[in-house]
Amino acid sequence: MATLHFTPSPSFSLTRQRHPTKLFSASRLNLRRRRSLTVRSYKVVIEHEGQSTELEVDPDETILSKALDSGLSVPHDCKLGVCMTCPAKLLSGSVDQSDGMLSDDVVERGYALLCAAYPQSDCEIRTIPEDELLSLQLATAND
């Protein structure tokens, strides 16, 4: 039968800090830096059915989820970036939609799926008919 022996590491020690005030002030500085690096929400203007609505969307929130929470009735279905029922054209700004299923060519042309679009800046976006995006997606699939 094997026996395990545990010995403390020679590099591990609990010594008292000589300058606790310096340590404290450094940690307060780091806290301030973290607060200043906190990302704010972005202003997203959605044009849908002739109406423009301004939303404040957090960077970790999809534009679709914020639109629905705000009472907008935008087309959607799966909320996973697959069914393509929440298409939009990005008029300005940028979004991360790496979770969506759009081809790179379609994304480069400024199209997005609202359910997979996370704002990376203030942006303006217009909902479009599903057929418009579907025809582009299918056309690039043949390339």
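The values are calculated or read from the model by the stated rules, or taken from the named source; none is laboratory data. These figures come from a predicted structure and were not determined experimentally. Here the Cβ is made from the backbone with ideal geometry for all residues, glycine too, and neighbour counts use every protein chain on show.
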| field | Residue, nearest to TYR42 (Cα to Cα), within the stretch 97-128, restricted to residues that are in contact with a Pro (Cβ under 8 Å, 6 or more places away or on another chain) and part of a strand (DSSP E or B) | value | PRO119
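A quick yes/no check of all residues on (1) over 20 Å from SER135 (Cβ atoms); (2) of a type in the set (Asp, Glu); (3) at pLDDT 85 or above:
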position	(1), (2), (3)
PHE12	yes, no, no
ARG35	yes, no, no
ASP69	yes, yes, yes
LYS89	no, no, yes
ASP99	yes, yes, yes
SER103	no, no, yes
GLU108	no, yes, yes
LEU114	no, no, yes
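For (1) surrounded by 17 or more Cβ atoms within 10 Å (Cβ to Cβ); (2) closer than 13 Å to ALA117 by Cα, each residue gets a yes or a no:
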{"residue": "VAL57", "(1), (2)": "yes, yes"}
{"residue": "LYS66", "(1), (2)": "yes, yes"}
{"residue": "LEU72", "(1), (2)": "yes, no"}
{"residue": "ASP77", "(1), (2)": "no, no"}
{"residue": "LEU90", "(1), (2)": "yes, yes"}
{"residue": "GLY93", "(1), (2)": "no, yes"}
{"residue": "ASP96", "(1), (2)": "no, yes"}
{"residue": "GLY100", "(1), (2)": "yes, yes"}
| Residue check for SER121: polar (S, T, N, Q), more than 20 Å from GLU56 (Cα to Cα) and exposed (fewer than 13 other Cβ atoms within 10 Å of the Cβ) | no
| field | Checklist (1) assigned to a loop (DSSP other than H, G, I, E, B); (2) more than 12 Å from ALA112 (Cα to Cα) applied to SER52, failing item | value | (1)
